[in-house]
Amino acid sequence: MILKNQVAIVTGAGGGIGQAIAVALAAEGSHVWAWDVDGKRAAAVAAEIQSRGGQAFSEAVDVSQGEAVRAAVAGIYNKHGRIDILVNNAGICQVAAISDITESDWDRILAVNLKGTFLCSQAVMAIMKRQRSGKIINLGSVAGKVGGIAVGAHYSASKAAVMCFTKSLARDLAPFNVNVNAIAPGVIATDMTQTITGGDWAKYLETIPLGRIGMVEDVAHVAIFLASPRAGYLTGEIIDVNGGQLMD
Ligand code: NAP
């Protein structure tokens, strides 16, 4: 166990990549807080972790709501006296041509993906600075590098901004021994991509040199590395997990 007794928050942990990261962090000994906008899904993941002998808690937190985020972070800090790991995973996606994106679509995607990452990071950073330790891991996307292939421009723009924010935050927190990195997944099989592809993966497979769609565990393994002391000299880095779909 390389993360024994570390206190971790995973946002959007009710399913998909967030769930896999929460399960993996707990398997490495962390005390995991599974947050999700849907409290029942978060509770189910915490229960799954507990049934495997892990330490987990859950809370309904909408990451786009600053007051709720700050209150939830304060509650965790009061209980544990520290916060070691934050995984900004919560994200939403929409498939739409630019001409069809409404102002409210734009605001909603940016509010969850970008503002949510900012709000959660800002809420934990004073604690991590005081501790002079911490790991923040953000979820970017290949779409934020190439402009999006199947997804809307608002989603791609939000993920490009998350990856740039990762670098700004990494510079800000480096003097305090806090590492901030991002993972840029390619096509990973989750509810999100099921909705986008309608389950037709064939055209994506052609673009992936490793010849398979990614699994949530492929991302979780990298998150565990980034959360661990083994990644102590990495900061401001964006790690592609895309089967070779984009090599930059
Ligand atoms: P997912 O299956 O849709 O899971 C996202 C989770 O976030 C869901 O449980 C969702 O809850 C939750 N969520 C949505 N809005 C939220 C909010 N305002 N506050 C808190 N939680 C919220 O997505 P995924 O595929 O696992 O994606 C996880 C992250 O990886 C996202 O940031 C995504 O952009 C990124 N990513 C995914 C892929 C991929 O191929 N899957 C590729 C690149 C990047 P509900 O379902 O209840 O709404």
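Odds and ends about this structure:
- Any chance Ala111 is aliphatic (A, V, I, L, M), open to solvent by less than 70 Å² (accessible area, probe 1.4 Å) and either touching a helix residue (DSSP H, G or I) at 6+ places or on another chain (Cβ under 7 Å) or not in a helix (DSSP H, G or I) (or both): no
- Cβ-Cβ under 7 Å pairs, at least 6 apart or on other chains, the range 4-24 side touching a residue at least 24 places away in the same chain (Cβ under 8 Å), far side within 8 Å of the ligand (Cβ to nearest atom) and among the basic types (Lys, Arg): Gly14/Arg41; Gly15/Arg41
- 2 or more residues among the polar types (S, T, N, Q): qualifying helices (runs of 4 or more DSSP H) within the range 1-106: 39-51
- Residue satisfying all of: in the range 13-31; open to solvent by 20 Å² or more (accessible area, probe 1.4 Å) and touching a strand residue (DSSP E or B) at 6+ places or on another chain (Cβ under 9 Å); farthest from the ligand (Cβ to nearest atom) among these: His31
- Subset of the range 114-153 [within 28 Å of Glu206 (Cα to Cα) and either in contact (Cβ under 8 Å) with a residue 40 or more places away in the chain or in a strand (DSSP E or B) (or both)]: Asn138, Leu139, Gly140, Ser141, Val142, Gly144, Lys145, Val146, Ala150, Val151, Gly152, Ala153
- Here is the figure for the range 101-157: residues that are more than 28 Å from Ser30 (Cβ to Cβ) and not hydrophobic (A, V, I, L, M, F, W, C) total 13.
- Selected residue (criterion: surrounded by the fewest Cβ atoms within 10 Å (Cβ to Cβ)) from residues of the range 181-228 that are of a type in the set (Ser, Thr, Tyr) and within 14 Å of the ligand (Cβ to nearest atom): Thr195
- Met163 being in contact (Cβ under 8 Å) with a residue 60 or more places away in the chain, open to solvent by 10 Å² or more (accessible area, probe 1.4 Å) and either under 24 Å from Ile85 (Cβ atoms) or within 14 Å of the ligand (Cβ to nearest atom) (or both): yes
- Residue tally, condition more than 10 Å from the ligand (Cβ to nearest atom) and buried (at least 24 other Cβ atoms within 10 Å of the Cβ), over the range 32-45: 2
- Looking across the range 1-12, the residues that are open to solvent by less than 30 Å² (accessible area, probe 1.4 Å) and either more than 9 Å from the ligand (Cβ to nearest atom) or under 17 Å from Gln55 (Cβ atoms) (or both) come down to Leu3, Val7, Ala8, Ile9, Val10.
- Against the list (1) away from the ligand (no atom under 12 Å from the Cβ); (2) open to solvent by 60 Å² or more (accessible area, probe 1.4 Å), the condition Val178 fails is (2).
The values are calculated or read from the model by the stated rules, or taken from the named source; none is laboratory data. In this text the structure is predicted, and so the values were computed from the model without any measurement. Reconstructed Cβ throughout: ideal geometry from the backbone, glycine too, with neighbour counts over all protein chains shown. Surface accessibility is based on the protein's heavy atoms, side chains included, excluding ligands, DNA and RNA. Shrake-Rupley method; radii C 1.70, N 1.55, O 1.52, S 1.80 Å.
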